[in-house]
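Have a look at the structure below before the remarks.
FYI, it's all coordinate maths here, none of it is from the lab. Only a predicted model underlies this, so the values are computations on that prediction, with no experimental measurement involved.
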Amino acid sequence: MDLPEGRLLSVAGDAAQGPAAGATAPATIVCVDCGGTCHLLTTPFEDGHGRVGFRPGDIVSYRCADCLDRWDIELDESDLA
């Protein structure tokens, strides 16, 4: 899979600087419906060049441990801050 150069959103939380640097995707979020804890379901991509993570525009899924609702969230540039 060929990926464009740019910053990555990494589940591993890579602190490196430069084109492959990124922020950490939240492992959990708060459920909007019940206030419970939603856990990340989506696994990050691996591009074959040692970079692993998510990019802006990727869809990540979470599942609530309490009410079992599923939340699909599109990552954007602000998630890389």
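For T42, the amide hydrogen comes within under 5 Å of the amide hydrogens of S61, counting only partners 5 or more places away or on other chains and with H modelled in the peptide plane. Extension gain, I59 to D76, is 5.2 nm, computed as 0.36 nm per intervening residue step minus the present C-alpha separation.
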